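The values are calculated or read from the model by the stated rules, or taken from the named source; none is laboratory data. Keep in mind that this is a model prediction, so the values were computed, not measured. Neighbour counts are summed over all protein chains in view; Cβ atoms, including those assigned to glycine, are modelled from backbone coordinates with ideal geometry.
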Amino acid sequence: MKTHLLIITALESELNKSLLPAGVDIVYSGVGKINATAASIQAIHQFEPKRIVNFGTVGKINPALQGLLEIGKVIQRDMMTLPLAPRGQTPFCSKPSAYLSSSGEHICGTGDSFVTAHDPWLASQGIDVVDMELFAIANIAYQFDIPWQSFKYVTDDANADSGNEWQHRVNHGQELYLEKLKELMGP
């Protein structure tokens, strides 16, 4: 089954499928890079999308940010293999260590951990927000030569209270995602 636009979102609590317009396909990947990788590969084979859009939630590193952001670049924040490779780079791997979206200005750092404390490396890399799936989705989109975009809703301040903040705000971006989806689908 071919689709023009495929949405990949970690959890149904972030974006409820029943609210999507007819003809829009969504895949819930689950949390983390491994789940996002497996779900992205399976979805690409099933739907053969022309474009992938990731909607999701993020913690902010840049304190000035809020609301819905479009991500322009994603890197891995938890690949730590010194001295084999610098942080963020997978050793012995020819794939890019950063992926660029077709648009967007913000930088997301993806990792399999919930950020609850200040990490100077994140700021030194210019990372604006952190999540747990986007790098994997972008990596798979790159391998299949499919353009991708990502829109992230800021739920928390990436600090000690992030877990509680995220749980209370996980669905607050839903209306903004739906408005953005209308925009992406055009008239």
(request) Collect the residues in the range 14-61 that are small (Gly, Ala, Ser) and at pLDDT 95 or above, keeping them in residue-number order. (result) SER29, GLY30, GLY32, ALA36, ALA38, ALA39, SER40, ALA43, GLY56, GLY59
(message) Can you tell me which of (1) under 12 Å from the mean Cα position of the chain (by Cα); (2) among the aliphatic types (A, V, I, L, M); (3) assigned to a strand (DSSP E or B) is the one VAL31 doesn't meet?
(response) (3)
(request) Among what's in the range 81-107 and is over 19 Å from TYR142 (Cα atoms) and free of Cβ contacts under 8 Å to residues at least 12 places away in the same chain, pick the residue that is surrounded by the fewest Cβ atoms within 10 Å (Cβ to Cβ). (result) PRO83
(message) Here is a list: VAL170, VAL154, VAL129. Which entry is of a type in the set (A, V, I, L, M), in contact with a His (Cβ under 8 Å, 6 or more places away or on another chain) and either crowded, with 23+ Cβ neighbours inside 10 Å or in contact (Cβ under 8 Å) with a residue 12 or more places away in the chain (or both)?
(response) VAL129
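Conditions (1) in a loop (DSSP other than H, G, I, E, B); (2) within 25 Å of ALA160 (Cα to Cα), marked per residue:
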| site | (1), (2) |
| --- | --- |
| LEU11 | yes, yes |
| ILE26 | no, no |
| ALA38 | no, no |
| GLN42 | no, no |
| PRO49 | yes, no |
| ALA64 | yes, yes |
| MET80 | yes, yes |
| PRO83 | yes, no |
(request) Within the range 10-32, count every residue that is in contact (Cβ under 8 Å) with a residue 40 or more places away in the chain, out of contact with any Asp or Glu (no Cβ under 8 Å at 6 or more places or on another chain) and more than 16 Å from GLN46 (Cβ to Cβ). (result) 8
(message) For PRO91, only one of the following conditions fails: (1) at pLDDT below 95; (2) within 28 Å of ALA22 (Cα to Cα). What is its number?
(response) (2)
